[in-house]
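> Have a look at the structure that comes next, please.
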Amino acid sequence: MSLVRALRISIGSVNAGTLFDLEDGRVYFQFDDSYIDDPARPVLSVSLLGESEEENRAQLRKPPDSMRFGGGNRRLPVFFRNLLPEGVLRRQLVADAGIDVDDELGLLAYCGDDLPGNVQAIPETLDQARLGSLLTQGRDSFEFSSRQLPTPQAVSLSGVQPKVDLVLAPGGRYVMRSKRALDNAHFIGKLPVSDYEGLPQVEHLSLQLAQAAGVSVADSQVLPLKAIAERLPFTLRDEARKFLLVRRFDRDAPTPNGRLHMEDFAQALALGPEDKYRGDYASIGLVLLAVSADPRADVMELLRRIKVNELLGNYDAHAKNFSLLYGPQNHQPRLSPAYDIVAYGAYLDGKGHALRFFPGQPGKQAVTPSVVRALANVWDVPERQMSATLRETVGLAMRNWPAMIEKSSLSQAQKRRLLDHLEGTPDAQAWRRRNRSASTGAGA
């Protein structure tokens with residue numbers, strides 16, 4: 001007798017397939033025939049797209065192992081593992097659900113009606129014929145019994161920083177998400193941590209600085225913790241008084257359920273959450289060129305973000321910090337607004353990027369003329385256009401950032417570290433040489 005639990009995976013109102021596990025720790029996913037045969041199907045992941053509809057169907061009938069099989073030990077396939085929360089929030093939800101720490105299917109079910117983007121994972125009852133079809137393509141029969149999965153009632157937010165999902169309630173108070181609160185504005189509350197003083201304020205400033213340098217960013221603001229009406233599910237230090245409120249761009253959309261589908265680049269590149277630093281910018285750019293509704297614009301936007309992260313000292317930008325956001329019709333996606341941009345240069349010294357520029361290269365490299373030339377060749381984008389985008393980004397940063405940093409709520413030590421990091425970059429020094437008339441430290 002096989003003990004089986006199953007989740008029905010849907011994209012909005014469209015059923016995509018079944019995710020199920022066996023008592024020996026194997027977890028599988030299989031697409032529905034109705035989804036495979038529908039040429040108007042919503043996209044689950046760009047990693048499954050081919051050059052033609054025939055290739056698309058072939059991919060769905062026999063998806064790669066990263067989508068089909070979790071590898072044993074109760075692990076979900078890679079795409080679904082990337083939907084799970086991380087860090088403090090994950091530990092809290094595991095405790096709330098009363099499940100084993102390694103029970104990834106149970107955790108996905110617990111968060112299943114409020115996952116990132118427009119994917120839902122709802123407990124499903126399988127009859128014997130359906131289970132036999134899933135396991136053996138209908139060639140054998142299986143006896144099975146089912147276990148009840150946790151009732152979906154939690155929210156999954158990726159990233160290791162403590163977070164809560166919030167909605168704006170009547171009266172202007174931000175409260176914990178109520179189930180299926182479709183009529184409220186949706187936000188993420190990023191909470192303070194003890195390791196990095198004033199992290200919400202630093203991240204808020206980082207997003208503002210990125211926007212001032214031409215990057216599209218998620219809307220955010222810093223608020224006192226007392227603005228959160230309900231008891232926080234995390235233990236906070238007594239001196240922690242602020243949190244970062246970020247508007248969710250995958251919610252409050254003109255769709256029947258108010259959601260937009262999205263996938264981060266760990267999913268798009270079929271990387272497990274533990275491999276999120278193994279991605280590379282060249283591959284991200286190639287995906288954008290292949291699937292974006294405006295490929296050239298999105299590649300230039302990616303290039304701006306790479307340079308901004310370098311100027312800020314954001315040494316931790318990994319594959320899950322870049323996402324594809326689909327429109328209301330779930331057709332061609334765009335690079336989503338920037339999020340999780342943190343100027344770690346305000347805290348510590350470092351260099352380069354967390355991601356490589358090309359597969360197999362050493363990490364912690366910076367953007368150099370040779371890197372730009374190599375990316376231009378791989379992306380088949382004019383090197384002159386890329387260089388112009390980088391010069392524009394640096395110019396905007398140098399003209400706008402120093403004053404914004406000085407006027408911010410960061411501590412004086414943090415301001416000094418961040419300004420020192422910026423002025424110490426080769427880009428800033430080259431810009432200063434070209435603009436001798438600019439006032440020192442004013443960025444005029």
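The numbers here are math on the coordinates, done by the rules we state, and not lab data. Computed from a predicted model, the values in this text were never measured in an experiment. Heads up, the Cβs are rebuilt from the backbone with ideal geometry, glycines too, and the neighbour counts pull from every protein chain shown.
> Does region 22-142 come out rounded, prolate or oblate, given a ≥ b ≥ c as the square roots of the eigenvalues of its C-alpha gyration tensor, rounded meaning a/c under 1.5 and, failing that, prolate meaning a/b above b/c?
Cα axes put region 22-142 in the oblate bin.
> Looking at the chain, send over the antiparallel percent of its DSSP beta bridges, to the nearest 5.
Taking every DSSP beta bridge within the chain, about 90 percent pair in antiparallel fashion.
> Let me ask another. If you count, for each residue, the other Cβ atoms within 10 Å and average over each peptide, how do 37-45, 345-353 line up from highest to lowest? Walk me through the numbers before you get to the answer.
Numbers: 37-45: 15.7, 345-353: 18.3.
Packing order, densest peptide first, comes out as 345-353, 37-45.
> Within the chain, how many Lys pairs that are eight or more residues apart, or on different chains, come under 16 Å at the alpha-carbon?
13
> How many nm separate the modelled label positions at Leu168 and Ala95, each set 7 Å beyond the Cα in the direction of the Cβ?
Here the answer is 3.2 nm between the modelled labels.
> Mind sorting Lys242, Lys190, Lys226 by how few other Cβ atoms lie within 10 Å of their own Cβ, fewest first? Numbers along the way, then the final one.
Details: Lys242 18, Lys190 25, Lys226 8.
The most exposed by this proxy come first: Lys226, Lys242, Lys190.
> A further question follows. What relative contact order, as a whole-number percentage, does region 2-146 give when Cα pairs under 8 Å and 6 or more residues apart are counted?
Computed value for region 2-146: 27 percent relative contact order.
> I've got another one for you. Kindly provide the pair-distance distribution of the chain built from C-alpha pairs, with 20 Å bins from 0 and whole-percent values in order of increasing distance.
24, 54, 20, 2, 0
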